[in-house]
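Bear in mind these aren't lab numbers, they're just calculated from the coordinates by the rules spelled out. Since the structure is predicted, the reported quantities are computational estimates derived from the model, not experimental observations. Reconstructed Cβ throughout: ideal geometry from the backbone, glycine too, with neighbour counts over all protein chains shown.
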Amino acid sequence: MPETPATEAQAANPRPKTDRRPLWMIVIGLLAGAGLLWASSKLSWSWSVELTPLHGKVVDARDGATLAPALVPLALLSLAAIAAALATRGWARRLVGALVVLAGVGMIITAFTQLAGVFGAHPNGYPLSQIVLAHALVLLAGLLVGAAGTLIIRGAKNLPGLGANYETPAGGKRKRDPDDELWRALSEGEDPTDRD
């Protein structure tokens, strides 16, 4: 079967294949990771009762933001990584992905800090479920962010980015697909058959 002019043009000017599904998975993973880190920073990470001569029993409850101060900056880093993954291409995007993977590993390590107090005897009122949940949220955030970083590295070439519709002057010199020009003319309200 002979090739039509459209297929010849496509063969001469192949477009890079882009898949938007991993991009949405990356964005959702990073957003969810940031949200989980923020939620964990508000939950109790440590709870103890101390007997003092002046006040009697004093409850010392500390949240994640106090005991693991890296939680909020890591959440902000996850949000910033969304913009960085969209704005970069090639090796710069791979570097962003590697940094995101390292941040995910840091989150997993953070999830296991201050966990020793969970095991053992506890006083009455000890919020065991809340403390375990706080650490589990950070662990889940680390897994989501690490997976998003891996997707960024793997899709560094194929993921769409910002400004895909804009070209530099050098980019405008390359040969255009005739079918693309016809569709562009139709979308602008012109009759492509009426050209000279």
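Some notes on this structure:
- Site pair Trp91 and Trp183 shows an inter-label distance of 3.3 nm when each label is modelled 7 Å from Cα along Cα→Cβ.
- Between Leu128 and Leu115, the modelled labels are 1.7 nm apart [label points 7 Å from Cα along Cα→Cβ].
- For segment 19-95, the fraction of C-alpha pairs farther apart than 16 angstrom is 63 percent.
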